[in-house]
Amino acid sequence: MTALADTPLMAQMRQHRSIRQFRPDPLPEGVLESLVSAGQAASTSSFMQQYSVIAVQDAARKERLARLCGNQEQIRQCPVFLAFCADLHRLRLICEGEGTQIQTRYVEAFLTAVVDAVLVAQNVALAAESMGLGIVYIGALRNHPAEIVVELALPDLVFAVTGMCLGYPEEDPALKPRIPLPAVLFREQYSDDEVRTHLDAYDVQIKGLQMFRRAETGEVYGWMARAARRMAYTDPKQLRVAVGQVLRSQGFLLE
Ligand SMILES: Cc1cc2nc3c(=O)[nH]c(=O)nc-3n(C[C@H](O)[C@H](O)[C@H](O)COP(=O)(O)O)c2cc1C
């Protein structure tokens, strides 16, 4: 296999692991602004900058958000919780001012804003980790999207895509190895001919790390067994079926 390049940034990226226990220490003055400013340097579709970031530090609001996000303790604990939003509201105001009509009917309008928001989020994550901070994304911010609209006072054409806890790590969790490169990097065209072989090898690796264990029997299982169960959830709550409704009520018609 080709040797992988390893710049200091790439080495840092390979050290990423989600942090779910935080020290209570606040972020020093200016750090939040520095992180979001670095986040903003991400590429942005057509230079439209269709995102906003809401930083929540108020303990009572974090408590309410924790309850809305599956009671995740790290939301209470972290000094700063960030909500990364797809945002076409600002552009609507601009269009109104310029006398044009913003077009938001199609899935593509939502998708470009989501991609923009997520690129900023991941830039913020890398910037935070470069300063010794830890992060964990909180997709559970979409568990109760209607309540999140109220809690964060989101106007029409704004949707909170993902949350992120930010703070100084109080734990040092193990890295989770990723799927082997040949199962995700294809040449010229999609080809899953050899994916199975690589996934089998990956499962052996994951089982060796004893990452997943059945509570009842103690049996160790692999990533594929976990993925197969996770991807077959049928509970409307776990499937977050409310997301589509709230998107439409926020003005993303998704046609
Ligand atoms: C969009 C997104 C949403 C996530 N939501 C949650 C969450 O609600 N709670 C949580 O504890 N981890 C959450 N995670 C973290 C993943 O579980 C984690 O990235 C994955 O298990 C890989 O582990 P690692 O980040 O330590 O490498 C989320 C990650 C992403 C990218």
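No lab work stands behind these numbers, since they all come straight from the coordinates. Remember, predicted model here, so these are calculated numbers, not experimental data. Cβ placement follows ideal geometry from the backbone for every residue including glycine, while neighbour counts extend to all protein chains displayed.
Below, the figures for the structure above:
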{"quantity": "Label zone at LEU175, where the point sits 7 Å out along the Cα-to-Cβ direction: the range 12-56 residues whose backbone N lies under 19 Å", "calculated": "12-20"}
{"quantity": "Hz values of 3J(HN,Hα) by residue in the range 38-52 - Karplus curve (6.51, -1.76, 1.60), Gly and Pro given as x", "calculated": "5, x, 5, 6, 4, 4, 9, 3, 6, 6, 8, 6, 8, 8, 9"}
{"quantity": "Estimated FRET transfer efficiency when R0 is 30 angstrom, pair GLU73-ASP6 (beta carbons, to 0.05)", "calculated": "0.30"}
{"quantity": "FRET E, pair VAL241, ASP156, Förster distance 22 Å, beta-carbon r, rounded to 0.05", "calculated": "0.55"}
{"quantity": "Projected label distance in nm at ALA201 and PHE186, using a 7 Å step from Cα toward the beta-carbon", "calculated": "1.9 nm"}
{"quantity": "Among ILE179, ILE75, ILE54, residue whose mean-square fluctuation peaks in a GNM of the chain (springs only between Cα atoms under 10 Å)", "calculated": "ILE179"}
{"quantity": "Spin-label model distance (nm) - GLU216 vs SER18, 7 Å beyond Cα toward Cβ", "calculated": "2.5 nm"}
{"quantity": "The chain: Cys lacking any partner C-beta under 4.7 angstrom", "calculated": "CYS69, CYS85, CYS95"}
{"quantity": "Top of SER37, SER46, SER18 by mean-square fluctuation, Gaussian network on the chain, Cα under 10 Å", "calculated": "SER46"}
{"quantity": "Kirkwood-based Rg to Rh ratio, the chain, C-alpha trace", "calculated": "0.99"}
{"quantity": "Whole-Hz couplings from phi, Karplus 6.51/-1.76/1.60, listed for the range 151-165; x for Gly and Pro", "calculated": "4, 9, 6, 6, x, 3, 6, 10, 9, 7, 7, 8, x, 8, 8"}
{"quantity": "Residues in the range 27-46 that a label on GLN103 would reach, taking backbone N under 19 Å of a point 7 Å out along Cα→Cβ", "calculated": "45-46"}
{"quantity": "Amide hydrogen neighbours beyond the local backbone of ILE135, cut-off 5 Å, H modeled", "calculated": "ILE19"}
{"quantity": "The range 18-31 - phi-based ³J(HN,Hα) in whole Hz, Karplus 6.51/-1.76/1.60, Gly and Pro as x", "calculated": "5, 10, 10, 10, 10, 6, x, 3, x, 6, x, 3, x, 5"}
{"quantity": "Taking THR104, THR234 and counting other C-beta atoms within 10 Å, the order from fewest to most", "calculated": "THR234, THR104"}
{"quantity": "Inter-part distance where the range 130-166 and the range 4-28 are each reduced to a Cα centre, Å", "calculated": "20 Å"}
{"quantity": "Unit charges at the beta carbon, dipole of the chain: most positive-side option, THR112, PHE81, ILE206", "calculated": "ILE206"}
{"quantity": "Local net charge near GLN205, Cβ-Cβ under 14 Å (Lys/Arg +1, Asp/Glu -1)", "calculated": "+2"}
{"quantity": "Alpha-carbon centroid distance for the pair the range 75-121 / the range 199-255, whole angstrom", "calculated": "27 Å"}
{"quantity": "Estimated [θ] at 222 nm from DSSP helical runs (n ≥ 4, -39500 (n - 2.57)) normalised by residues in the chain, nearest 500", "calculated": "-12000 deg cm²/dmol"}
{"quantity": "Under 20 Å from LYS207, Cα to Cα: aspartates and glutamates that are on another chain or at least 8 residues apart", "calculated": "GLU216, GLU219"}
{"quantity": "Stretch gain in nm, segment ARG90-SER37, where the contour uses 0.36 nm per residue and the Cα spacing is subtracted", "calculated": "17.3 nm"}
{"quantity": "For THR112, THR217, order by how many other beta-carbon atoms lie within 10 Å, fewest first", "calculated": "THR217, THR112"}
{"quantity": "Point-charge dipole on Cβ atoms (K/R +1, D/E -1) for the chain, about Cα centre, debye to 20", "calculated": "660 debye"}
{"quantity": "The chain: most fluctuating residue of PRO173, PRO155, PRO182 per GNM, C-alpha cutoff 10 Å", "calculated": "PRO182"}
